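The values are calculated or read from the model by the stated rules, or taken from the named source; none is laboratory data. It should be emphasised that the depicted structure is a prediction, and the values quoted were computed from it without experimental measurement. Every residue, glycine as well, gets a Cβ built from its backbone with ideal geometry; the counts of neighbours run over all protein chains shown. Just so you know, the surface numbers come from the protein's heavy atoms only, side chains and all, with ligands and any DNA or RNA stripped out. Shrake-Rupley method; radii C 1.70, N 1.55, O 1.52, S 1.80 Å.
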Amino acid sequence: MHFTSETRLDDGVLERHFTLDGIPGLLWTPPEASASAPVPLILLGHPPLGLRAMHPRLVSRARRSAADGFASATIELPGSGDRPARPALNQAREDLRRAMRAGEPVGDDLVDALVLPLVDAAVPEWRTALDALLSLPDIDGPVGFSGGLISVAVRLAVTDPRITAAVLFAGSLVPRVILEEARQVTVPLHVLLQWDDEGNDREASLALFDAFASPEKSLHAHLGGHSGVPAHAGDAAAEFFARHLRAG
């Protein structure tokens, strides 16, 4: 991990840009992290829109995590931002847009083409990033995962035992193999669902939630479309991480 820049934000949070095996990433640590015991870590997932476009929202989430005493970090997804394009993924996205414009059903083959290559590429990168992040002197476990593509979160929760809790944004474009993997997820889950999400099928989202094997899982459904998540939903998610990531 090579740090390329650092900025102290007005609330004292330290924002550092890094690269890891050519992958850009961001790390935020609370002001006290360098002066006291190492802090827990939250990995911030995001959609494949590029870190530059997502930066304002990521910083807002990172500031809240820092206020609660947690470090947070993210990495650029494959095919996003300045990373090399993935023509097959771009074609699958265009096929999805065409199907949705035409009001056509989105079949399993298209969902697989759209999601599985990204999951297969991104999850090993997240695990490598986690190796590097946990080697830093100001960061320690436990580790949470927050938001982003739900299929990435499912695969990561199944394959990496260092993930001890997750806040997930419900989605319905989930490959069949990921639905089966969800039956192996046992970490505590806090799942957000927009009841009138124009881009997701509600019943499919509920079926995925039902598949999770976690003894502790909660579904927080709110009226409104995809971008209508109420502000207080962030407070509930923060309280969830406070319960599961704080020592003792």
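Things to note:
- Tally, over region 196-231, of residues that are at positive phi and open to solvent by 80 Å² or more (accessible area, probe 1.4 Å): 0
- Residue match in region 132-151 (condition: over 23 Å from Arg63 (Cβ atoms) and open to solvent by less than 40 Å² (accessible area, probe 1.4 Å)): yes
- Of everything listed in (1) in contact with a Lys or Arg (Cβ under 8 Å, 6 or more places away or on another chain); (2) open to solvent by 20 Å² or more (accessible area, probe 1.4 Å); (3) among the polar types (S, T, N, Q), the single unmet condition for Gln91 is (1).
- Any hit, region 3-20, residues being under 20 Å from the mean Cα position of the chain (by Cα), of a type outside the set (A, V, I, L, M, F, W, C), outside any strand (DSSP E or B) and more than 19 Å from Pro117 (Cα to Cα): no
- Candidates Ala165, Ala238, Ala242, Ala231: the one that is within 23 Å of Leu118 (Cα to Cα) and not basic (Lys, Arg) is Ala165.
- Unmet requirement for Ala37, which otherwise passes all of (1) among the small types (Gly, Ala, Ser); (2) within 13 Å of Ser146 (Cβ to Cβ); (3) in a loop (DSSP other than H, G, I, E, B): (2)
- Which listed residue, of Arg176, Arg183, is open to solvent by 70 Å² or more (accessible area, probe 1.4 Å), more than 30 Å from Arg101 (Cβ to Cβ), in contact (Cβ under 8 Å) with a residue 12 or more places away in the chain and touching a helix residue (DSSP H, G or I) at 6+ places or on another chain (Cβ under 8 Å): Arg183
- Residue that is nearest to Ala132 (Cα to Cα) [pool: residues in region 4-19 that are among the aliphatic types (A, V, I, L, M) and open to solvent by 20 Å² or more (accessible area, probe 1.4 Å)]: Leu14
- Qualifying residue in region 115-131 (condition: surrounded by fewer than 20 Cβ atoms within 10 Å (Cβ to Cβ), hydroxyl-bearing (Ser, Thr, Tyr) and either outside any helix (DSSP H, G or I) or at pLDDT 90 or above (or both)): yes
- Of Val154, Val167, all but one fail to be open to solvent by less than 20 Å² (accessible area, probe 1.4 Å) and over 23 Å from Asp108 (Cβ atoms); the exception is Val167.
- Among the residues making up region 40-60, those that are crowded, with 22+ Cβ neighbours inside 10 Å and either assigned to a loop (DSSP other than H, G, I, E, B) or out of contact with any Phe, Trp or Tyr (no Cβ under 9 Å at 6 or more places or on another chain) (or both) are His46, Met54.
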